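First up is the structure itself, then whatever we jot down about it.
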Amino acid sequence: MVIRIIGADGKFKAESSDGLDVRLVYNAEYQEGDVITLSSEKPIYVITQLEDSIAPFCGYLSSEYALPVPFGEKRICYSPKCFTGDMHLLWAREATCEERKEYRNLALNPLDNHSNKGLFPHAHANVETRGESVFAAHNAINGNISAEGHGAWPYESWGINRREDAEMTVEFGREVRINKLVITLRADFPHDNWWKQATVRFSDGSEFVPQFKKTGSPQSFDIDTRVVTSVTMSKMIKDETDPSPFPALVQLECWGKEIS
């Protein structure tokens, strides 16, 4: 595997390559236009931490992953500690067989972003409120379940800009086996509305319709075991008696195991 930091001019600022266990210490401040990349010669399950204030996680690296280092408005969906200072530790290693086969949230990726095409899971949606980072789809798979506010971290969420046809998809990048959903609705009441139900559509063509309670706590739903490559949440129905027009999603978790 290879970790690189690439400047706005396309030149490598730092690079580390060491088989299936790679580390990079970068002792400089990030500059606007910098991009962090992670690549491998072949698809691989990885445990990685490319920002030392974001917890490591297990993901599936199918091709080169790119993370434009966020600045300004793009940074406020992260902790103020993220991507700051002049000393950074980035690392990645191949996941062990035991780690890969653990029962876990297969939708978790705190490093997901709009440019991500290689490190799965990856979330995307047909709408994100005003294009703001604090309402981006990838916020709903970053592992943060703080639900009692809205806006900058730790209250980032997926915002739908009042769209009745809003939908968000989580792509896994390979087949996975899932049997439980855990969904956290935003609960910044009275600013927020809330969804009474939604339709979760799976890549195998099946659907599940969870019924929600008015709460910011995670809501768990056991489902029939499915082998899927993606999950889409759509057809959300908000509480028609609530005067607020602003329901939102804090987190979509998909629990299960790898196929192999």
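No lab work stands behind these numbers, since they all come straight from the coordinates. Just so it is clear, the model here is predicted, and its values are computed rather than measured. In this analysis, Cβ positions are derived from the backbone assuming ideal geometry, glycine residues included, and neighbour counts consider all displayed protein chains.
Structure summary
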{"read-out": "Net charge of neighbours whose Cβ lies under 11 Å from the Cβ of Val127, counting Lys and Arg as +1 and Asp and Glu as -1", "value": "-1"}
{"read-out": "For Phe246, residues with placed amide H under 5 Å, excluding near neighbours", "value": "Asn193"}
{"read-out": "Set of aspartates and glutamates with alpha-carbon distance to Lys257 below 18 Å, sequence-local pairs under 8 removed", "value": "Glu94, Glu98, Glu99, Glu102, Glu171, Glu175, Asp204, Asp222, Asp224"}
{"read-out": "Gain upon complete extension [Glu64, Thr225; 0.36 nm per residue less C-alpha separation]", "value": "54.9 nm"}
{"read-out": "Under Karplus coefficients 6.51, -1.76 and 1.60, residue-wise ³J(HN,Hα) of region 252-259 in Hz, glycine/proline x", "value": "10, 10, 10, 9, x, 9, 5, 5"}
{"read-out": "DSSP-assigned coil residues among GluC sites (Glu not before Pro) in region 154-202, each with at most 11 further Cβ atoms within 10 Å", "value": "Glu164"}
{"read-out": "Protection proxy ranking, peptides 54-63, 107-116, average beta carbon neighbours within 10 Å, highest first", "value": "107-116, 54-63"}
{"read-out": "Table column - 3J(HN,Hα) (Hz), region 203-209, Karplus curve with 6.51, -1.76, 1.60, x for Gly and Pro", "value": "5, 7, x, 7, 9, 9, 10"}
{"read-out": "Identified option (computed Cα Rg over 2.2 N^0.38 Å; candidates (i) 0.95; (ii) 1.17; (iii) 1.01)", "value": "(iii)"}
{"read-out": "Paramagnetic label zone (point 7 Å from Cα along Cα-to-C-beta, Glu41; backbone N under 16 Å) in region 62-99", "value": "63-64, 94"}
{"read-out": "³J(HN,Hα) computed for each position of region 6-18 - Karplus, 6.51 cos²θ - 1.76 cosθ + 1.60, integer Hz, glycine/proline x", "value": "10, x, 4, 8, x, 8, 6, 8, 7, 7, 9, 9, 7"}
{"read-out": "Additional length obtainable on full extension of the chain from Glu32 to Lys257, 0.36 nm per residue less Cα span", "value": "77.2 nm"}
{"read-out": "Computed lengthening from Val25 to Glu102, 0.36 nm per intervening residue step minus Cα-Cα distance", "value": "24.8 nm"}
{"read-out": "Ranked by how many other beta carbons lie within 10 Å on average, peptides 204-213, 120-129, 88-97 from highest", "value": "120-129, 88-97, 204-213"}
